[in-house]
1. Give the residues of region 110-150 that are among the acidic types (Asp, Glu) and modelled with pLDDT of 85 or more, sorted by residue number.
2. Just checking, how many residues over region 162-182 are modelled with pLDDT of 80 or more and farther than 17 Å from His111 by Cα?
Amino acid sequence: MERRKFIIGAGALATGSAAAVGTGAFASAEAERTVSVEVAGDQNAWIELNPESDYAKINEDDVLELNFAEHPDSQWNGREEGINPNAKYTFEGVFSIWTDQAAAHGDYEYHIEKSGFDGVDVTVESPNEDVDGFKNDPGVTDLTETWTQSGGPWKIYVDITLESEGGAGAADGTLTIHADEI
C-alpha cells in the first residue's frame, strides 16, 4: 500500500455579512530555542572508551589514544620504534567500550570503522569471554562488523592485531565507533 502525505492548511472564517477566508499557510517559520549539549571526554561520555593497557591512554584532549610505536616496559629507554616489517603482533585487552544501555533507552547497532593505517593491516576484535562480571560477547569477533547490544550495562574488551605489510614507516590511522539506534 502506497502512503501519501497530505498537508492540510488551517483556515479562518469570520461570521457576518462579509465572510473572510484566510489560508493560515506560511512559507517558513523560525523559532529560537535554547539547546544545551555537553561534550564529555571518552571516559565520561555515554559510550565510554577506557584504556586497559599501557598502549592506550586518554590524551590531553580527553580522547582515547592508542600508541604501538614504543614498548611501554622497555629497558632500552625507547630505542625500539614499532613493530617489525612483515610481522604480526596481537595486543589483548588494549581498551574497553562501556555503556549503560538501560540509560540509553533503546537497542543499538555498533561497529568500528577503520581509516588510514597504510602499510599495516589492523584487526579489531573482541575476545568473547566474560570479564569483570560483564558479558563480553557482542555476538561477533570482528568489531568492524555490526553487532547489536540490548540491555545493560555492558562492557567489551578490545584486542588489536597489527600485521605489517612491508618496510619501515609510520602507519597512523583512526578507529571510529558508530552507535545507531534501531
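The values are calculated or read from the model by the stated rules, or taken from the named source; none is laboratory data. Keep in mind the model is a prediction, meaning the values are calculated, not measured.
1. Here is the first cut: in region 110-150, the residues among the acidic types (Asp, Glu) are 113, 118, 121, 125, 129-130, 132, 137, 142, 145.
Selection gives Glu113, Asp121, Glu125, Asp142, Glu145.
2. 4
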